[in-house]
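Down below is the structure, laid out as structure tokens.
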Amino acid sequence: MLRSLLALTVMLLFISCNDALIKAEYKATDKGFWNKENTIEFTFSEMDTLRSHNVFINVRNDETFPYSNLFLIAELDFPSGHTIADTLEYEMARPDGSWLGKGYGSIKENKLWYKENIVFPSSGVYTLRLAHAMRKNGKVEGIVNLQGITDVGFQIEKSDP
């Protein structure tokens, strides 16, 4: 409950400070573990079909995240039924081990580029699905429970505010 209230407060502060922000949402993982079968899904609609947008994936991690990068599978479904699927890699820590992202204390928030200057071509419901695709070097099977990812979200901003 306290975590949800804190996330809501942070989001409200963020919204009030950013005129370019169109939509933002977060979902918490299961006590800081992101299961590879747990695809996190967001839906949004009522997008301006004439203006271009920047879409970000937001990830919060804590000090228990054991890697310096993060691999994600992102799928964006359009109202027309068309789907764009991407495999993405993001750097989460510097070579010296210090975390990238913003925040004080043990939680760091990373605003990661997903789509730049995208125009949503039609009105209707869009769906963004995110899943982690982490593996250990030399292993075929993926990591089942990725530790240290506390929240996953997305953010859409006007690209020309």
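Some notes on this structure:
- Where Rh is the Kirkwood radius over Cα pairs, Rg/Rh for the chain: 0.96
- Using a Gaussian network model of the chain in which every pair of alpha carbons under 10 angstrom is joined by a spring, one finds that among Lys27, Lys36, Lys136 the greatest mean-square fluctuation is at Lys136.
- The GNM of the chain, with springs linking C-alpha atoms under 10 angstrom apart, assigns the highest mean-square fluctuation among Glu89, Glu63, Glu37 to Glu37.
- The mean sequence distance of close C-alpha pairs (under 8 Å, at least 6 residues apart), as a share of the length of the chain, puts its relative contact order at 43 percent.
- Peptide ranges 75-83, 106-114 listed from the most packed, as the mean C-beta count within 10 angstrom indicates: 106-114, 75-83
- Dipole of the chain, positive direction: furthest Cα of His53, Gln147, Ile22, with charges on the beta-carbon: Gln147
- Ser45 paired with Lys102, simple spin-label distance in nm, labels 7 Å along Cα-to-beta-carbon: 3.1 nm
- Taken about its Cα centre, the stretch 20-158 carries a charge dipole of roughly 180 debye when the Cβ of each Lys and Arg holds +1 and the Cβ of each Asp and Glu holds -1.
- For Ile22, the amide hydrogen comes within under 5 Å of the amide hydrogens of Ile156, Glu157, Lys158, counting only partners 5 or more places away or on other chains and with H modelled in the peptide plane.
- Phi angles across the stretch 43-54 convert, under the Karplus curve 6.51 cos²θ - 1.76 cosθ + 1.60 with θ = phi - 60°, into 3J(HN,Hα) values of 10, 8, 8, 6, 8, 5, 8, 10, 8, 8, 10, 10 Hz, Gly and Pro given as x.
- Across the stretch 117-129, computed HN-Hα scalar couplings (Karplus, 6.51 cos²θ - 1.76 cosθ + 1.60, θ = phi - 60°) run 6, 8, 9, 7, x, 8, 7, x, 9, 9, 10, 10, 10 Hz from first to last residue, x flagging Gly and Pro.
- Here Glu75 and Asp19 are evaluated by their C-beta separation; at R0 = 30 Å the FRET efficiency comes out at 0.55.
- With the simple spin-label model, which puts each label point 7 Å out from Cα in the Cβ direction, the His82 to Glu141 separation comes to 3.9 nm.
- The alpha-carbon of Lys158 sits under 12 angstrom from the alpha-carbons of these aspartates and glutamates, leaving out residues fewer than 8 places away in its chain: Asp19, Asp48, Glu116.
- For the stretch 116-137 versus the stretch 71-103, the gap between their alpha-carbon centres in whole angstrom: 9 Å
- Spin-label model distance (nm) - Glu63 vs Lys158, 7 Å beyond Cα toward Cβ: 4.1 nm
Any read-out appearing in this document is the output of simple, stated calculations on the displayed coordinates, not a laboratory observation. All values reported here derive from a predicted model rather than from experimental measurement. Neighbour counts are summed over all protein chains in view; Cβ atoms, including those assigned to glycine, are modelled from backbone coordinates with ideal geometry.
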